[in-house]
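All of the numbers you see were taken from the coordinates with simple rules; none came from a lab. Quantities reported herein were computed from a predicted structural model and do not represent experimental measurements. In this analysis, Cβ positions are derived from the backbone assuming ideal geometry, glycine residues included, and neighbour counts consider all displayed protein chains.
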Ligand code: SF4
């Protein structure tokens, strides 16, 4: 089969470009933030952060106060007095977990999420999870992972959470094959993509995480995996360890990215090219129409990415190729070459790639460039706006449904809006 794939830049774009590596002060959320979208996705899971009041404040403000729904996350705040000895710690944690599970019989998976205060670092949460799992099995599965700001940035919390599930996934029978989509997608996006896979004749298709954490998808040598999010790196490694094979592809952002992502699965399933075009042409055209309106505002504008979610490289590719923007600097907290191999050749070689952060140096570079738009965390947005640079909060890009054809217009709008706001202010 031959399906037209994105034409790479003649000079191979950023495939071989040098990367500016910085290891200084960072302005990035910690991995606890992932709980905000993970708890919405896995409807029978509960996330118990074992942390401090700071962690509780972060969770409260990141997720907003939930008044109407009983939230599926909480923080067990452990004080120094709780930590007189290992038995007391176990006892305190057991008390909290027993109370929680009695009150919430709907919970099927309980994640104990580690954090970074010194009192918490002393606790062996994996051992606690193992002990509690034996007590509550088979009704409730208890797992542990770290969302600590020392070990994880922002989206790495999801990676750590999903990786903890991999050993529990059932084995796919040796003669079966299936497609596994890895990384949290909004339900609406999952449904849309699921319908396209069905129309293409690709399947069975499973998603990790699944909506019900108790229904883990199977994995084995017949599994082909498509990454939906660029931050599921250690999860993908663990899945490879269970036999799954990665299908390299750009991420499904924008019309071109979505088509290329679907094409990777279509090639693995030997879908005839004409059939692929028949299924994807309509939604792709709708996506292009949805984006067209915003291209006028974005074309030729210079954009600077501070590192935050690891979505920066796929977003820069989308904005450059489909919206005509000029990426000046594309910072990412972590650059996984293998998982970005299909993205890097699509970036213009004029873009500066940066990995990690030294925030003061990066702010200096941003001021020197004076881009039209900077994508950054909440802490940097106000100072940059005050200096005349329009900003986009990167956290919005993680909390909003942006993948797939039907969301391509909304994704473009997320970048057009701050430029429009600034233009209005200037008028
Ligand atoms: S885990 Fe660490 S960085 Fe994250 S909120 Fe708690 S104390 Fe802060």
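Structure data summary
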quantity	calculated
Burial order of peptide ranges 12-22, 365-375, 109-119 (average beta-carbon count within 10 Å, highest first)	109-119, 365-375, 12-22
Cα coordinate range in region 31-152, projected on the principal axes (Å, largest first)	38, 32, 23
At q = 0.15, 0.17, 0.21 Å⁻¹, base-10 log of I(q)/I(0) for region 309-427 (Debye sum, equal scatterers on each alpha carbon)	-0.69, -0.91, -1.42
For region 379-427, the spread of Cα positions along each principal axis, largest first, Å	35, 26, 9
Cα-based convex hull, region 178-271, per residue volume (Å³, whole number)	92
Gained length - residue 302 relative to residue 187, 0.36 nm times residue gap less alpha-carbon distance	38.1 nm
Angstrom value of the Kirkwood radius, inverse mean 1/r, which spans all Cα pairs in region 285-327	10.9
Kirkwood Rh (inverse of mean 1/r, distinct Cα pairs), region 79-223, angstrom	17.4
Cα-based radius of gyration of the chain once divided by 2.2 N^0.38 Å, which approximates compact folds	1.00
Label-point separation in nm, residue 426 to residue 378, each point 7 Å along Cα→Cβ	2.8
Sites residue 126 and residue 385 - FRET efficiency at Förster radius 45 Å, r taken between beta-carbons, to 0.05	0.55
Listed residues 95, 301, 41, most fluctuating in the chain (Gaussian network, C-alpha, under 10 Å)	95
Quotient of Cα Rg and 2.2 N^0.38 Å for region 298-353, N being how many residues it contains	1.01
